[in-house]
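Enquirer: Below is a structure I'd like to ask you about.
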Amino acid sequence: MSISSNYDAKTVEDKWYGYWMENNYFHSQPNEKTPYTIVIPPPNVTGVLHMGHMLNNTIQDVLIRRARLQGFNACWVPGTDHASIATEAKVVAKLKEEGINKTDLTRDEFLKHAWEWTDKHGGIILEQLKKLGCSCDWDRTKFTLDDDMSASVIKSFVDLYNKGLIYRGFRMVNWDPEAQTTLSDEEVIFEEQQGKLYFIKYKIEGSNDSLTIATTRPETILGDTAICINPNDERYAHLKGKKAIVPIANRVIPVIEDEYVDMEFGTGCLKVTPAHDENDKNLGDKHQLEIIDILNPNGTLNSFGLHFEGKDRFEVRKEIAEELKQKGHLLKVEDYVNKVGTSERTKAVIEPRLSDQWFLNMEELVKPAIKAVLETEEVKLFPKKFNNTYRHWMENIRDWNISRQLWWGQQIPAFYFGDGKEDFVVAETKEEALSLAQKKSGNEKLAISDLNQDPDALDTWFSSWLWPMSVFGGILDPENEEFKYYYPTNDLVTGPDILFFWVARMIIAGYEYTGKRPFENVYLTGLVRDKQRRKMSKSLGNSPDALGLIDQYGADGVRVGLLLSAAAGNDLLFDEQLCNQGKGFANKIWNAFRLVKGWEIAEIPQPDYTEKALAWYNAKLQNTLIEIEDHFSKYRISDALMAIYKLVWDDFCSWLLEMVKPAYGQPIDKKTYNSIIDALENNLRLLHPFMPFLTEEIWQNISDRSPKDALIINHWPVMKPFDDNLISDFDFAAEVISGIRTIRKEKNISFKETIDLAILNTEGFTKNLDAIIEKMGNIKTLSYVEDKVEGSLSFRVKSNEYFIPVAGAINVEEEIEKLQAELKYTEGFLKSVQSKLANERFVNNAPEAVIASERQKEADALAKINTLKESIAGLQ
């Protein structure tokens with residue numbers, strides 16, 4: 001068989017992915033096997049592959065391929081998320097480019113554009129995952145807006161409403177003026193920003209008195225409806241019962257008293273703007289204040305903004321400050337750093353806004369999810385350090401605002417039939433809604449045309465929190481065969497940034513609907529950063545083209561490169577050189593395979609050294625298997641890969657193949673050859689989850705294989721008992737071989753030239769591996785002696801001494817001269833170090849680390865002098 005001299009990743013990847021798909025290896029159906037299930041964290045439907053996806057999905061593929069080899073019925077469900085805010089924003093922007101405003105369209109017209117956009121750009125990322133080698137069950141691909149998925153979401157909403165857990169409330173919410181929708185608390189990112197603190201003077205009605213307030217948002221004074229002082233603050237006792245005049249607006253507002261006001265903060269006077277601050281809203285409710293909302297949904301001022309109407313809030317901030325200054329109301333402005341809430345999606349500054357919204361009461365729902373992670377550990381987080389983050393979020397949870405002022409998403413199934421606040425019903429279909437509305441209103445003449453469905457859509461996370469259940473039809477039909485077989489799933493691999501958004505909510509939903517955990521283990525990967533520890537982003541230009549990396553280094557090379565630096569839960573500092581290292585590893589394995597396949601096989605006896613070498617390697621393999629199992633059990637995937645990497649590169653390629661390799665032009669015995677193939681195949685089994693393409697290519701080239709013999713569905717190496725002593729004995733022998741090689745190199749003794757080796761075996765080391773030492777050291781005669789051998793070069797391994805007679809091998813006089821010159825130099829170096837250490841001033845003033853370094857230099861020099869003197873004496 002002709003084997004290419006170079007490994008061609010591109011050809012191999014296309015060939016074997018097509019073969020795997022053709023033979024349906026990724027597909028799973030319920031059967032008698034134990035299931036192993038993973039659901040993919042669904043990426044945005046119109047997204048493209050980035051480094052975070054690459055890392056996350058490589059890890060999932062490693063887990064699923066390993067489970068397949070372990071004999072589980074492995075099922076990895078792929079899919080995408082409709083990402084309501086992000087997708088709607090893209091569609092709105094596209095329409096704007098075409099001169100179309102969303103407001104000019106009906107809901108159905110807009111959704112037609114949104115579906116066209118999704119059909120055109122959607123699913124690209126799933127095709128890109130195939131390039132990475134992901135072995136998802138593509139027949140099961142789901143989209144969160146599929147009919148059955150949407151039906152699951154609507155059923156869940158109705159169910160929770162009927163349980164009294166979903167309610168409609170007029171609350172202060174987080175408003176994103178760019179996306180023009182509410183956001184949950186978890187979608188707001190607080191960032192420290194450099195701002196200004198404005199000190200503004202308010203006149204007191206009917207007097208010459210005034211008071212001063214401090215605010216970071218002077219534009220909101222137009223919505224002020226009170227000034228609040230602490231009743232215990234003697235500075236303002238004279239203001240009790242008085243009224244203040246709002247600058248510019250010239251509205252008269254009461255001075256109220258409340259112990260909520262911190263007398264030590266700012267001026268001790270607080271402007272109260274109930275429409276634009278949650279704490280102010282609470283004060284307003286308590287004191288029955290008027291509510292004046294000065295902002296439009298897009299962040300511009302409305303008619304209550306007076307002559308600033310139509311202008312952006314930040315533009316008005318500058319203009320109103322200038323007007324206040326001109327009118328003598330602005331006393332001073334100070335620099336001020338404060339935390340500003342921004343939208344996770346659009347980065348816009350969030351506005352607190354009063355609005356009728358739908359909420360999910362979380363108080364009781366959250367309890368089983370807290371218990372599962374923090375008490376019973378039915379669900380385990382890896383690394384465990386994230387338990388504290390989970391606890392903080394879950395124990396401080398607030399009701400979830402689940403409505404969004406968007407059209408792209410599941411429309412809230414609430415139907416209004418009148419003008420009253422309670423004139424609505426909640427139902428899965430319009431027909432059911434009509435029946436409920438007729439009963440609630442007492443009006444049997446109500447028709448479907450009289451019903452108006454709530455225009456808002458549900459938060460995207462309200463669909464994805466059902467993901468592990470809904471992908472198997474578990475919400476619509478909890479008794480179906482697939483759901484009962486695949487659920488609960490096994491592992492979830494995701495980023496810590498969505499631990500609350502998604503992971504915690506899935507756990508909550510799982511216990512609410514099934515009483516079971518949705519998954520057993522959650523592996524939280526680190527975030528991918530560049531070498532400067534910056535998060536990768538398009539704006540910084542530090543995010544490499546994922547597919548470009550695959551083209552350059554091969555999918556296997558990129559997978560290895562990513563995982564070599566992906567410690568559990570720690571951020572990955574991506575370095576493209578690691579992908580090159582992965583490519584180099586692939587070439588190393590390919591060349592090892594070519595070497596083995598190039599040997600001529602003969603029916604000749606097996607040499608003693610190959611039998612010993614194979615026994616050692618099999619023990620080493622078994623020991624590595626134990627190490628790998630331990631790493632996988634702790635989700636230390638990169639450590640598992642590194643253990644395999646060392647086994648293959650160091651133990652297999654650098655040691656085993658060198659030990660058994662026949663002399664040039666000579667054949668290898670059949671028994672050894674077959675054992676080497678067995679060892680290679682076990683290596684391929686271990687490597688397959690990490691490097692699927694390369695391993696399948698080599699596997700299929702070892703011998704003719706039918707589809708049922710493909711590596712992807714073969715089996716994981718079998719664990720067997722082994723002798724630990726074989727490994728420790730070989731480690732000792734390896735040090736001996738290394739000592740021989742060092743002397744050959746230093747003394748320019750050609751490896752082709754045989755040498756003798758005498759051993760003073762004070763360590764009592766086994767003679768069992770002498771044959772290997774002879775082979776690897778090209779030893780002509782190996783003997784054991786009772787005393788030192790004069791006229792020899794020597795080295796030590798522990799207390800054993802090894803002697804290589806040098807007569808004829810080197811020029812003794814030249815060697816002694818060289819050693820004496822080295823001795824003289826080292827003695828001079830020692831003298832300079834000791835003189836430094838004898839200097840009291842140096843010792844008293846130098847840092848401890850510097851002194852320790854000098855003492856180490858002294859010890860090293862003394863040891864080297866002793867060795868050089870022994871070597872000279874041995875040659876004289």
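Enquirer: So between N761 and E205, what do we pick up on full extension, going 0.36 nm a residue minus the alpha carbon distance?
Expert: Going from the current span to full extension adds 189.6 nm.
Enquirer: For the pair N6 and E278, how long in nm is the line joining their label points, each one 7 Å along Cα→Cβ?
Expert: Between N6 and E278, the label points sit 6.1 nm apart.
Enquirer: Could I ask something else about it? Hey, can you find the accessible area per residue of segment 205-297 for me, probe 1.4 Å, expressed in square angstrom?
Expert: Each residue of segment 205-297 exposes 45 Å² on average to a 1.4 Å probe.
Enquirer: With every protein chain kept in the model, how would you rank D147, D209 by accessible area, 1.4 Å probe, largest at the top?
Expert: D147, D209
Enquirer: Per residue of the chain, what 222 nm ellipticity follows from adding -39500 (n - 2.57) for every DSSP H run with n ≥ 4, rounded to the nearest 500?
Expert: -13000 deg cm²/dmol
Enquirer: Right, here's the next one. Taking loop as defined by DSSP and a crowding limit of 13 other beta carbons within 10 Å, which GluC sites (Glu not before Pro) in segment 551-610 fit?
Expert: E600, E603
Enquirer: Next question, about the same structure. Post the alpha-carbon centroid distance, segment 172-210 to segment 111-161, in whole angstrom.
Expert: 38 Å
Enquirer: For the chain, what proportion of DSSP beta bridges, expressed in % and rounded to the nearest 5, is antiparallel?
Expert: Taking every DSSP beta bridge with both residues in the chain, the antiparallel ones total about 70 percent.
Enquirer: Another one. Which order, highest average first, do 111-119, 292-300, 686-694 follow once you tally other Cβ atoms within 10 Å for each residue and take the mean per peptide?
Expert: 686-694, 292-300, 111-119
Enquirer: Quick check: from the Cα gyration tensor, does segment 705-790 come out rounded (a/c under 1.5), prolate or oblate?
Expert: It is prolate, given that a/c is not under 1.5 and a/b is the larger ratio.
Enquirer: Nearest 10 degrees is fine. How inclined is helix 576-597 to the longest principal axis of the chain, computing both from alpha carbons?
Expert: Tilt relative to the chain: about 40 degrees.
Enquirer: Treat every Asp and Glu Cβ in segment 418-461 as -1 and every Lys and Arg Cβ as +1, leave all other atoms uncharged, and give the resulting dipole magnitude about the Cα centre to the nearest 20 debye.
Expert: 220 debye
Enquirer: Pop out the carbon and sulfur fraction of the accessible area of segment 65-198 as a percent, whole number, probe 1.4 Å.
Expert: Here carbon and sulfur together make up 49 percent of the probe-accessible area.
Enquirer: Now for a separate question. So how tilted is helix 848-875 from the main axis of the chain? Cα-based, degrees 0 to 90, rounded to 10.
Expert: Result, in degrees: 20.
Enquirer: At 1.4 Å probe size, put H715, H82 in order of accessible surface, largest to smallest.
Expert: Ranking H715, H82 by accessible area, largest first, yields H715, H82.
Enquirer: Could you work out how far apart the two model spin labels at E600 and K745 are, taking each label as a point 7 Å from the Cα in the direction of the beta carbon, and quote it in nm?
Expert: Placing both labels 7 Å beyond Cα along the Cβ direction yields 3.3 nm.
Enquirer: Moving to a separate point now. Pull out a ≥ b ≥ c, the square roots of the eigenvalues of the alpha-carbon gyration tensor of segment 636-678, then state rounded if a/c is under 1.5, prolate if not and a/b is larger than b/c, and oblate in the remaining case.
Expert: prolate
Enquirer: When the Cα centres of segment 31-67 and segment 614-644 are compared, how far apart do they sit, in Å?
Expert: 23 Å
Enquirer: Another one. Just to be sure I understand the model, the point goes 7 Å from the Cα along the line to the Cβ. What's the resulting R107 to N701 distance in nm?
Expert: That separation, rounded to one decimal, is 6.0 nm.
Enquirer: Calculate the FRET efficiency for E753 and A863 from the Cβ-Cβ distance with a Förster distance of 35 Å, rounded to the nearest 0.05.
Expert: Efficiency computed from Cβ-Cβ geometry: 0.70.
Enquirer: For F314 and I816, calculate 0.36 nm times their separation in residues minus their Cα-Cα distance, and state this gained length in nm to one decimal.
Expert: Extending this stretch completely gives an extra 172.3 nm.
Enquirer: Looking at this model, which pairs from K380/K720; K612/K646; K588/K670 are more than 22 angstrom apart at the alpha-carbon?
Expert: Cα-Cα > 22 Å for K380/K720; K588/K670; rest within.
Enquirer: Under the rule a/c < 1.5 gives rounded, and otherwise a/b versus b/c splits prolate from oblate, where does segment 58-131 land using the Cα gyration tensor?
Expert: Prolate is the answer for segment 58-131, as a/c is 1.5 or above and a/b outweighs b/c.
Enquirer: Let me ask something additional. In what sequence, highest mean first, do 780-793, 837-850 appear when ranked by Cβ atoms within 10 angstrom?
Expert: Highest to lowest by the protection proxy: 780-793, 837-850.
Enquirer: To the nearest 10 Å², what's T87's accessible area with a 1.4 Å probe?
Expert: 0 Å²
Enquirer: In degrees from 0 to 90, rounded to the nearest 10, what is the angle of the helix 430-441 Cα long axis to the longest principal axis of the chain?
Expert: Once rounded, the angle reads 40 degrees.
The values are calculated or read from the model by the stated rules, or taken from the named source; none is laboratory data. Treat the numbers as computed from the prediction; the structure is a model and nothing was measured. Cβ atoms come from the backbone with ideal geometry, glycine included; neighbour counts cover every protein chain shown. Keep in mind that these areas ignore ligands, DNA and RNA; they rest on the heavy atoms of the full protein, side chains included. Shrake-Rupley method; radii C 1.70, N 1.55, O 1.52, S 1.80 Å.
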